[in-house]
Each structure stands twice: as C-alpha cells, then as structure tokens.
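J.: Here's a structure for you.
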Amino acid sequence: MSGLAELVEELTIETRAGDLRGDSLLQQLRAEIGSNLGRTKAGASSGSPVPLNVDAFALWEDITGQIASMFVSATDRRPDKDPEVNLLAWWAVFSAAVYRHETVQLQHDVAGERLESWAQRIRDHFAAPRTVEVMVPCPNCGYERIVLGEADQAEVFALVAVVKGTTVTVVCRNPVCKDAFGEPSQWVGERQLEELGRRVGVRVDHRALMTAVNSPVESTWDPSDDMKGDLAEPFNPADPAHAALLDTPTD
Ligand SMILES: [Zn+2]
C-alpha cells in the first residue's frame, strides 16, 4: 500500500525528489491560481490585471471536485473547503478499512489509478514543454523544412512535436499551412499522432516522442507530384513567391 500512501503525501503534504522537499502538488496548484486571483482584485498595485490561469483553475476544480466526492462516499459527511483535509480524511477511513481487512484488491487498484492520474495531471501542468523535430513532410502543406528568422535565418523541419508532461502535440511551423477545416495544422495525443503517421507513411510514436531528445524518423512517404516541387526547397517567408502565399486569404 506504500504507493497509495506516497501519492496521498505528494498530493497533500509535500513533494520529494531525493533529499529535496517541496510544496504538495495541490498546494502548488492552489498557489498558481491564488497568485493570479490576488492580482486581479480591485485596488491591486499592478495596473494591468493578470488573467486567471484558466488551465490551472479547470484542473483545480476537476480534481478537488473528485476528491470531495470520494470523501463524501467514504464518510457521508459534508466535505471541507480544503481538498487536502478531504483527501487525508478519506485516507484515514480507507486505511482503517484496510486494517480490518475490509477492502479488496480492486478498491486499491481503483484508488491508486485515480490518485496517480491526479498527481500526473498536476505534474504535467508544471512540466516545462520540450520540442522535438519531426523529420517528415507535413501532409497538409507538403513542406518538410521551413526557413525561420529574419536576419539569422535558420532552416528547420516544418513539423515539430511539443512535449509537455505526457501530452504530445505535433504542429506545422509553416504559417500558411491549414488543415481540412482551415485551422492551423496540429495533431494532439496518441490517436491523432497515429493518424498523422498513416498520412506520411511512418510510425509517429507517441511514447517515443514523449521521452525522445530528438526523433530521427526517416520518411518513406511518397508525396503526390504536385507536392514534389514544394519539397525541393524549404518554405521561406523571405522568398517573394512564398511570401505571396502568406497574403492569400483562405476560403
Ligand atoms: Zn504544414
């Protein structure tokens, strides 16, 4: 049961990394929302109010709501306003039931999965995003490479994976590239990355991208003839012929 105890501790009391100790995950999330809320109050010294961190707030509402439900179903009491109190109280009730041999393995598994998913979502929220270049042509615009920068031009791969925690999003850096719905080209999560892989004829491995430093995948995709011209050179906004595309309204 050590896994569950450690998750309860990480969520409510403190986080640990080797000898280092930090605020609990719930406290870190609360601090992020609280600092933004404080600055938006009327009469605050800062002239421009900082908008509420919508992602952090949604995550907080979802997780603390689930903790409150778990507490109520275990205790039949009114939940406290602090999720830490609710989770620790649930843990006391659950531990007592374990001590009396009143729980079954399934209950441990369900609780473990739930707590791990909360902890992982909060860890992901604070993880710094990394990028990994995806060395295949974009199936929407056909470009494999693109020129970025004004003075110091650099040629990079058009497709790049943005990895934040366990979420991988592949985006196309070609500013005129759009998907079938006229939206900027992007593929989010395992299923859409599989779909991207099918279109370019290589396996775009979600798990590999999640852990990769870089991703030297070879393309076996055979682009259609009308795309082959584009593939010979990278998309370059400084090139007048390419720049013209930037002004073309999409319909
Ligand atoms: Zn593209």
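J.: Need pairs with beta-carbon distance below 6 Å; first residue among the basic types (Lys, Arg) and within the range 151-176, second within 9 Å of the ligand (Cβ to nearest atom); sequence gap 6+ or separate chains.
T.: Arg173/Ile146; Arg173/Ala158
J.: Report yes if some residue within the range 216-230 is outside any helix (DSSP H, G or I), of a type in the set (A, V, I, L, M, F, W, C) and either modelled with pLDDT of 55 or more or not assigned by TED's automatic domain parsing to the domain that holds Leu148 (or both); otherwise report no. Spell out how you get there, then give the answer.
T.: Filtering the range 216-230 down to residues outside any helix (DSSP H, G or I) leaves 216-224.
Within this subset, residues satisfying the condition of being of a type in the set (A, V, I, L, M, F, W, C) are 217, 221.
Those left that are additionally either modelled with pLDDT of 55 or more or not assigned by TED's automatic domain parsing to the domain that holds Leu148 (or both): none.
Taking every residue of the range 216-230 in turn, none turns out to be outside any helix (DSSP H, G or I), of a type in the set (A, V, I, L, M, F, W, C) and either modelled with pLDDT of 55 or more or not assigned by TED's automatic domain parsing to the domain that holds Leu148 (or both).
J.: Of the residues in the range 122-162, how many are among the small types (Gly, Ala, Ser) and away from the ligand (no atom under 15 Å from the Cβ)? Step through it out loud before you land on a result.
T.: The initial filter retains those residues of the range 122-162 that are among the small types (Gly, Ala, Ser), namely 127-128, 142, 149, 151, 154, 158, 161.
With away from the ligand (no atom under 15 Å from the Cβ) added as a condition, the list becomes 127-128, 149, 151, 154.
Qualifying residue count, the range 122-162: 5.
J.: Just to check your reading of the model, which residue among Leu59, Leu115 is surrounded by fewer than 20 Cβ atoms within 10 Å (Cβ to Cβ), in contact (Cβ under 8 Å) with a residue 40 or more places away in the chain and within 15 Å of Leu25 (Cβ to Cβ)?
T.: Values: Leu115 fails: surrounded by fewer than 20 Cβ atoms within 10 Å (Cβ to Cβ).
Every option except Leu59 fails the conditions.
The values are calculated or read from the model by the stated rules, or taken from the named source; none is laboratory data. In this text, all values refer to a predicted model and were calculated from it rather than measured experimentally. Positions of Cβ are backbone-derived with ideal geometry, glycine not excepted, and every protein chain shown enters the neighbour counts.
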